[in-house]
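The values are calculated or read from the model by the stated rules, or taken from the named source; none is laboratory data. All values derive from a computational prediction rather than experimental measurement. Using ideal geometry, Cβ is built from the backbone for each residue, glycine included, and neighbour counts are taken over all protein chains shown. Side chains are part of the model used for accessible areas, which takes the heavy atoms of the whole protein and leaves out ligands, DNA and RNA. Shrake-Rupley method; radii C 1.70, N 1.55, O 1.52, S 1.80 Å.
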Amino acid sequence: MNRRTDSNLVKIIFAICILSITANCFHLFRPMPKNAKKFEISVQKYDRSYFAVFPEDWSGKPVPAVIALHGGFGSGRSMFHHTGLGELANKHQMIVVFPDGYRRSWADGRGSTSADEKNIDDVLFIEMLVNRLSSEGLIDPKKVFLVGHSNGGFMAQRMAIEKPHLWKTVISVSSQLSLPLLKNPKSKQSPNVSVYSIVGTDDTLVPYAGGYVRKGAEILSAPDSFLRWKEWNSCVGDPKESKINFTSQNEPNVTLIRSVYMSCSNGKKVGLFTMEGVGHVWPGKTSSIPFIDMGYETKNIKGTELVSEIILDNLNE
């Protein structure tokens, strides 16, 4: 075997390894369950896609819905497999929807993603998706929840500001308010919607204390975002607080602090769930993106359980 053949063989092996890693990280070939169906909707001349997971014993009557937005480089499929949010469909008789961003990104308003740079109207896409599910009689339009992680969390914050009437509650994970959103004219109207944030103090990508995100606009700190939503929702009194310390022989100690304003206008709530010592993660899961330091990945705090807790606490409010 000559040097050229050796070189080509190395390149082929390297390409196979990269493909394997990519497929594994982004769940490209993992099948979706039988109760999940893929749909498309035309927006801005683009065919946008999403998976919907239906309850297996669903009667066909309108049920609550959860829209789950993936992080950057992700997809609806990867969000399903990585978070386990699809299990809410059978556990709580809900339809859980996993949309696909444009080129694995969302136009969250910071101006730095592929979708932002292409002027993709993701606000319109998500609004059309919700209206479609509602008009088809699949979901209860008064019980629609929005959940987003990272880039998807920033997009969730944008949807909360621009389309607050669509949501029963908005939950963002590993994300805060960005300065471009504060300059959005819609924010001047004091959006009235329940908003919760789940964030880690040791996030290496989205700083808990605020500042600049890599290749992104300046963001508020998590506490400042919390207070801004408190002001917009005209919350009064002190937040209800609880603290849980998690200790384990197998991992460092972490602390979960829940702070929730319970008395806000029109029965809304505003919450901040702070994970002390935790990084840029979906809590309880291992990061799906290799070679990037995300900060500490706790297994003691379960992100999907926290999201489920928030949804159930607000479902019949």
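Restriction of the trypsin sites (Lys or Arg not before Pro) in segment 144-188 to DSSP coil positions whose beta-carbon has at most 12 other beta-carbons within 10 angstrom yields Lys183.
Considering only Ile244, Ile95, Ile219, the Gaussian network model of the chain with Cα springs below 10 Å gives its largest mean-square fluctuation to Ile244.
The Cα center of segment 240-278 and the Cα center of segment 214-231 differ in position by 17 Å.
In this calculation the C-beta distance from Lys186 to Ala209 is compared with R0 = 25 Å, giving a FRET efficiency of 0.45.
Basic side chains Lys and Arg get +1 at the Cβ, acidic Asp and Glu get -1 at the Cβ, and with that the dipole of the chain about its Cα centre reaches some 640 debye. Cβ-Cβ distance of Lys302 and Lys45, R₀ of 30 Å, FRET efficiency by 1/(1 + (r/R0)^6): the value works out to about 0.15. For the chain, averaging the sequence separation of C-alpha pairs within contact (under 8 Å, six or more residues apart) and dividing by the residue count gives a relative contact order of 13 percent. With the charge dipole of the chain set up from +1 on Lys and Arg Cβ and -1 on Asp and Glu Cβ about the Cα centre, the Cα lying farthest toward the positive end among the listed residues Met94, Gly279, Ser114 is that of Ser114. When peptides 173-180, 278-285 are ranked by their average number of other Cβ atoms within 10 Å per residue, the highest-first order is 173-180, 278-285. Ellipsoid semi-axes for segment 131-185, based on the Cα gyration tensor and the rule √(5λ), read 23, 13, 8 Å when sorted largest first.
Whats the longest run of the chain with zero chymotrypsin sites (Phe, Trp or Tyr not before Pro) that are DSSP loop and have at most 11 other Cβ atoms within 10 Å? In short, 30-290. As a rough guide to protection, the peptides 308-315, 234-241 ranked by mean Cβ packing within 10 Å, highest first, stand as 308-315, 234-241. Report summary: the helix-based calculation at 222 nm, which adds -39500 (n - 2.57) for every DSSP H run with n ≥ 4 and divides by the residues of the chain, gives -9000 deg cm²/dmol. So, for the chain, what is the accessible surface per residue at a probe of 1.4 Å, expressed in square angstrom? Value for the chain: 47 Å² per residue.
Only one residue of Ser259, Trp229, Pro55 has its Cα farthest out toward the positive end of the dipole of the chain, where Lys and Arg carry +1 and Asp and Glu -1 on Cβ, and that residue is Pro55. Net length available on complete extension from Leu227 to Lys243 is 3.8 nm, with 0.36 nm assigned per residue and the Cα-Cα distance removed. Across Val147, Val43, Val260, mean-square fluctuation computed from a Gaussian network of the chain (C-alpha pairs under 10 Å connected) peaks at Val43.
Among the protein heavy atoms of the chain, carbon and sulfur supply 51% of the accessible surface, probe 1.4 Å, non-protein parts ignored.
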